[in-house]
Amino acid sequence: MDVNRGIEVGLENIPRTKVDRLEELTETRWQELANCVESDPNIFFPENKKDDREAKEICKQCDVRTECLEFSLQTNQEVGIWGGKNEDERRRMRRQLRVSGI
Ligand code: SF4
């Protein structure tokens with residue numbers, strides 16, 4: 001694994017320089033390209049966290065899925081579906097990143 005490029009988490013490499021990348025993500029305003037922009041937000045924040053199928057289907061078609069997931073990891077979003085991943089999946093990814101020292 002090339003630690004300078006981050007670790008593989010299933011979509012893209014998570015960048016090592018979190019602050020730089022967060023600033024970049026904010027500047028690019030990726031949210032404007034979000035596939036969920038006109039969706040019911042309750043789909044992405046279901047009462048039962050197991051009800052994530054509909055949100056994940058929308059995320060699958062989203063052009064900014066990677067950016068969304070990176071943003072959620074870097075800003076420690078605790079609830080909801082972000083980048084096609086639910087909170088449990090993101091928690092595992094964050095743990096993996098911590099173990100890798102990224
Ligand atoms: S990946 Fe999913 S939650 Fe993120 S912007 Fe796209 S549709 Fe919305």
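Below, the figures for the structure above:
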quantity	calculated
Breaking point among (1) among the basic types (Lys, Arg); (2) under 19 Å from Asn35 (Cα atoms); (3) over 9 Å from the mean Cα position of the chain (by Cα), for Arg91	(2)
Qualifying positions in segment 37-55 - under 24 Å from Gln96 (Cα atoms), surrounded by 15 or more Cβ atoms within 10 Å (Cβ to Cβ) and more than 8 Å from the ligand (Cβ to nearest atom)	Asp52
Residue check for Glu78: at pLDDT below 95 and either crowded, with 16+ Cβ neighbours inside 10 Å or touching a helix residue (DSSP H, G or I) at 6+ places or on another chain (Cβ under 8 Å) (or both)	yes
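This table checks each residue for (1) away from the ligand (no atom under 12 Å from the Cβ); (2) loosely packed, with under 13 Cβ neighbours inside 10 Å; (3) at pLDDT below 95.
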{"site": "Val3", "(1), (2), (3)": "yes, yes, yes"}
{"site": "Ile7", "(1), (2), (3)": "yes, no, yes"}
{"site": "Glu23", "(1), (2), (3)": "yes, yes, yes"}
{"site": "Asn35", "(1), (2), (3)": "no, no, no"}
{"site": "Glu57", "(1), (2), (3)": "no, yes, no"}
{"site": "Gly101", "(1), (2), (3)": "yes, yes, yes"}
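The values are calculated or read from the model by the stated rules, or taken from the named source; none is laboratory data. Computed from a prediction, not measured in an experiment: that's the story for all the values here. Neighbour counts run over all protein chains shown; Cβ positions are idealised from the backbone, glycine included.
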